[in-house]
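Working notes for the structure below.
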Amino acid sequence: MTMTGTVPFATASAAIDSASLQQPPPSHQAPFRPYDPQYDPLHAPDPGAGRAYAPTWWVASAGEPPEDDGPLVRDIDVDVAIIGSGATGMSTALYLAQEHGIRATVLEANQAAWGCSSRSGGQGQNASGRLKRSQWIQRWGMDTAKQLDAEIRSGFENFRELTRQIDCDAFDGGHLYLAHRREKLPVLAAEAQLMREKFGYATRMMSAEEVHEGYCDERETVGAMFEAEGIGIHPLKFTFGLMQRARALGVTVHTSSPVQGWHTVDGVHHLQTPAGVVRARRVAVCTGGYTGQALSPLLKNRIMPILSNSVVTRPLTDAELQATNFKSQTFLTDTRTLRFYYRLLKGNRLQIGSRSSVSGADAEHPVHLKLLTDAIARKFPPLAGIRIDYSWWGWVDMSHDMMPRITQPEADKKVWYAVGYGGNGVSFSTWAGKRLAERVAGKDTGKDVFELPIYGSPLPFPNVLGLVESRAFAPFRRVGQRMLYKWYWLRDEK
Ligand SMILES: Cc1cc2nc3c(=O)[nH]c(=O)nc-3n(C[C@H](O)[C@H](O)[C@H](O)COP(=O)(O)OP(=O)(O)OC[C@H]3O[C@@H](n4cnc5c(N)ncnc54)[C@H](O)[C@@H]3O)c2cc1C
């Protein structure tokens, strides 16, 4: 018998006590434990068990979550287990069932789509990680950049098709990338030219007047880049839609079932949840920014969780709509390194989000909410002081080289993951799920596409200035993040 991997997180040296697994923990008697606003993936072993949703506009407006299979209450044997029920986990399950005839079992610590997928800005971009196409060329050269573009573009088209099939308030109106100061304009113009000439998009520049007249009177902008590829969605309705489709094909979704321990016996993965063990031949990890440090050594220190804040106002009155000249629900981002993302939602509420605190412990500090209310007043002066109806935050999965990975990190272990989208996962997560399903099903051999950088290597460890990469830097990441936030603020605002 061989045994590898981690054992239960709380008792790292203890073996699984099968008798104690028969005792349901308190979370089962009270499946909706309160939302923990200070949750921090770098400190907590897992995202909780049966916690309530974050108080988001999406949760308030999505309707009842679809039926699920409840908490796992006994030991089971499965072929494929998926950890995490966000858009990545649910699309992996959907495509495994739809295209490969594999009915996976999904384990979710809290409620369905509880993590980023119920908290995001819902801005579906034609992107995957944090890097722009010009940066792809710098990093990998034109040939690879073109192949990567074809792949991401296929993913975006697939996402577009899904948004037509799933009722998710989709607005297919493109993306306006607003220059918040004059020196950003040539940078945007160069990217727009590259998008047109090298990649064949119809991306173009717009004057501030065009933005004001055609979209909204956003007062900071001095001009913008417009790309036609951009779809704003209701991310929770969308993920619920993926889940309903997956369950209709025989997928099982156990909520309130956090994986709290993981070890491998003779190649079989034993995933310990509070009241049952899942013995799985293959495991797909889809835990995004909610990946605990103790979940798997394959992911430890390879994801940098970054907190992002979001607010939604009360509905704008007709007079406010006129004063701000909002004519479109096209989504907007600005050129700050710590960018703001915003849009008018269906029902005329304004959503805006940006960076938040560095640690979970500081997430409730009013300064982070003020960053957003100040931005509303600066960008849309007629809305200064408008009532905020919803305020929340969530952990974005940033990789240390700003690009995601959809990969099997070690060939001898039947474990795969799709993480590291860096705040660009609304559209790409569905394609990542499709590719992950192909890999888990063993249909990825001999296909050139899997040679691309996002498929070909594991997530890197932290690095210093892109030069030296080492897990030894991990304890200092937040010190570095605080320094970088100060530097970005000076660069963005001064
Ligand atoms: C505030 C915010 C704004 C964002 N805005 C945008 C945007 O506008 N555009 C964009 O493209 N992207 C955005 N993103 C990112 C985007 O939401 C995600 O990339 C996308 O939803 C895909 O998420 P996911 O399925 O990978 O992870 P998630 O939706 O986070 O799902 C992971 C799930 O794994 C579960 N889990 C974790 N550990 C365990 C465990 N041990 N056992 C069982 N379950 C576990 C969690 O509970 C969670 O539900 C934003 C993210 C945040 C936080």
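Residue by residue through region 391-445, note down the ones that are in contact with a Ser or Thr (Cβ under 8 Å, 6 or more places away or on another chain), within 10 Å of the ligand (Cβ to nearest atom), small (G, A, S) and open to solvent by less than 30 Å² (accessible area, probe 1.4 Å).
G394, A418, G420, G422, G425, S429, A432, G433
Consider only pairs whose beta carbons are under 8 Å apart and that are at least six residues apart or on different chains; among these, list those whose first residue lies in region 125-140 and is closer than 18 Å to L176 by Cβ and whose second residue is within 14 Å of the ligand (Cβ to nearest atom) and in a loop (DSSP other than H, G, I, E, B).
Q125/E229; Q125/N424; Q125/V426; Q125/S427; N126/E229; N126/S427; A127/N424; A127/S427
I'd like the residue in region 195-221 that is buried (at least 16 other Cβ atoms within 10 Å of the Cβ) and among the hydroxyl-bearing types (S, T, Y) and, out of all such residues, is farthest from A150 (Cα to Cα).
Here the residue is T221.
Working carefully through the options A224, A192, find the one that is crowded, with 17+ Cβ neighbours inside 10 Å and in contact with a helix residue (DSSP H, G or I) (Cβ under 9 Å, 6 or more places away or on another chain).
That would be A224, the only listed residue that is crowded, with 17+ Cβ neighbours inside 10 Å and in contact with a helix residue (DSSP H, G or I) (Cβ under 9 Å, 6 or more places away or on another chain).
Which of the residues that make up region 274-290 are within 13 Å of the ligand (Cβ to nearest atom) and in a loop (DSSP other than H, G, I, E, B)?
P274, C286, T287
Residue by residue, here is whether (1) open to solvent by 10 Å² or more (accessible area, probe 1.4 Å); (2) in contact with a Pro (Cβ under 8 Å, 6 or more places away or on another chain) holds:
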residue: H100; (1), (2): yes, no
residue: L107; (1), (2): no, yes
residue: S117; (1), (2): yes, yes
residue: G124; (1), (2): no, no
residue: R133; (1), (2): yes, no
residue: G155; (1), (2): no, no
residue: D169; (1), (2): yes, no
residue: V187; (1), (2): yes, no
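Taking the criterion of being at positive phi, under 22 Å from the mean Cα position of the chain (by Cα) and among the hydrophobic types (A, V, I, L, M, F, W, C), would at least one residue in region 422-433 satisfy it?
No: region 422-433 contains no residue that is at positive phi, under 22 Å from the mean Cα position of the chain (by Cα) and among the hydrophobic types (A, V, I, L, M, F, W, C).
When you go through (1) open to solvent by less than 10 Å² (accessible area, probe 1.4 Å); (2) within 15 Å of V80 (Cβ to Cβ); (3) out of contact with any helix residue (DSSP H, G or I) (no Cβ under 8 Å at 6 or more places or on another chain) one by one for P258, which number turns out not to apply?
Tallying (1) open to solvent by less than 10 Å² (accessible area, probe 1.4 Å); (2) within 15 Å of V80 (Cβ to Cβ); (3) out of contact with any helix residue (DSSP H, G or I) (no Cβ under 8 Å at 6 or more places or on another chain), P258 fails exactly one: (2).
State all residues of region 376-425 that are assigned to a loop (DSSP other than H, G, I, E, B) and among the hydroxyl-bearing types (S, T, Y); if no residue qualifies, say none.
Listed by number, the list holds a single entry, Y421.
The values are calculated or read from the model by the stated rules, or taken from the named source; none is laboratory data. Keep in mind the model is a prediction, meaning the values are calculated, not measured. Ideal geometry is used to build each Cβ from the backbone, glycine not excepted, and the neighbour counts take in all protein chains shown. For the accessible areas, the whole protein counts, side chains as well, though only heavy atoms, and no ligand, DNA or RNA atoms are used. Shrake-Rupley method; radii C 1.70, N 1.55, O 1.52, S 1.80 Å.
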